[in-house]
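Trainee: Pasting in a structure now, in structure tokens, and then I'll have a few things to ask.
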Amino acid sequence: MASQSVVFLQGLVLIVCASLRSNAQQGYGSGAQCVSPDVGPFAVVAVLTGNSTAKGVIHIDQPAPGQPSTITGQLTRLTPNSIHGFHVHGLGDLSKGCESAGAHYNPTKQTHGDPNSGPHHIGDLGNIASDANGVINVNIVSKDVQLTGQYSVVGRMILVHLVMDDLGMGGNTASLVTGNSGARLACGVLGQLKL
């Protein structure tokens, strides 16, 4: 069994792993995953910051392995009445801010798309919209986002993009990879919460 802790440092979530098992834990980028397929966290948090003014906190809760996850939280200081692509990226590496997050989390090798229909990355969460005050209240239920098992998102980056995700319907190659969602506004590593 591994002992695990989460350390908050200036808006970043770092996961510190101390393995008491003979087998090594696998990490992703500089963010480490401290999760085994049979015993894992059922709640994670990410504190999002970036080069823009946007910031916020995102929570993901999952009642049991294999069940849908609920993604909630609030982002502030966005352009009023704007729509933004929202994704889990493959790495938890903050060494170069949001730029080192890697591509959308896609271990099943699908094309980018609408998370509610058809092929899509596990990390595709669709779009989120700000209100007249530039605030986004996030409330998404996802059957794809898992906190345990081989496709766990723990230790990976959750990221808000500059513009709307075209959900793979943009008619060009980039649409099937990124959804043409533009620059990376704010991001944070999904770190385990103690339950």
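Trainee: Hey, among the residues in the stretch 37-72 that are under 20 Å from residue 100 (Cβ atoms) and not in a strand (DSSP E or B), which one's modelled with the highest pLDDT?
Mentor: 54
Trainee: Restricting to the stretch 82-110, give me the number of residues that are surrounded by fewer than 15 Cβ atoms within 10 Å (Cβ to Cβ) and part of a loop (DSSP other than H, G, I, E, B).
Mentor: So the count comes out to 5.
Trainee: While we're on this one: Among 159, 147, which is the only one that is touching a Cys at 6+ places or on another chain (Cβ under 6 Å), closer than 21 Å to residue 47 by Cβ, surrounded by 14 or more Cβ atoms within 10 Å (Cβ to Cβ) and aliphatic (A, V, I, L, M)? Don't jump to the end; show me each part of the working.
Mentor: On the way: 147 fails: touching a Cys at 6+ places or on another chain (Cβ under 6 Å).
Step by step, each of 159, 147 is checked, and only 159 is touching a Cys at 6+ places or on another chain (Cβ under 6 Å), closer than 21 Å to residue 47 by Cβ, surrounded by 14 or more Cβ atoms within 10 Å (Cβ to Cβ) and aliphatic (A, V, I, L, M).
Residue-wise test of (1) in contact with a His (Cβ under 8 Å, 6 or more places away or on another chain); (2) part of a strand (DSSP E or B).
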residue	(1), (2)
149	no, no
154	no, no
159	yes, yes
166	no, no
169	no, no
182	yes, no
185	yes, yes
188	no, yes
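Trainee: Looking at the stretch 80-109, which of its residues are without any contact (Cβ under 8 Å) to a residue 12 or more places away in the chain and farther than 23 Å from residue 44 by Cα?
Mentor: 109
Trainee: What is the residue count in the stretch 116-128 for residues that are surrounded by fewer than 22 Cβ atoms within 10 Å (Cβ to Cβ) and assigned to a loop (DSSP other than H, G, I, E, B)?
Mentor: Here is the first cut: in the stretch 116-128, the ones surrounded by fewer than 22 Cβ atoms within 10 Å (Cβ to Cβ) are 116-119, 126-127.
Next, from what is left, pick out any that are assigned to a loop (DSSP other than H, G, I, E, B): 116-119.
The total comes to 4.
Trainee: Give the residues of the stretch 55-68 that are surrounded by fewer than 21 Cβ atoms within 10 Å (Cβ to Cβ) and under 12 Å from the mean Cα position of the chain (by Cα), sorted by residue number.
Mentor: Answer for the stretch 55-68, where residues must be surrounded by fewer than 21 Cβ atoms within 10 Å (Cβ to Cβ) and under 12 Å from the mean Cα position of the chain (by Cα): 57, 59.
Trainee: Kindly indicate which of 69, 130, 52, 100 is over 14 Å from residue 160 (Cβ atoms), in contact with a strand residue (DSSP E or B) (Cβ under 7 Å, 6 or more places away or on another chain) and among the hydroxyl-bearing types (Ser, Thr, Tyr).
Mentor: On the way: 130 fails: over 14 Å from residue 160 (Cβ atoms); 52 fails: over 14 Å from residue 160 (Cβ atoms); 100 fails: in contact with a strand residue (DSSP E or B) (Cβ under 7 Å, 6 or more places away or on another chain).
Only one candidate qualifies: 69.
Trainee: If you check residue 137 against the conditions, is it assigned to a strand (DSSP E or B) and closer than 27 Å to residue 42 by Cβ?
Mentor: yes
The values are calculated or read from the model by the stated rules, or taken from the named source; none is laboratory data. Every value quoted in this text rests on a predicted model; they were computed, and no experiment measured them. Neighbour counts run over all protein chains shown; Cβ positions are idealised from the backbone, glycine included.
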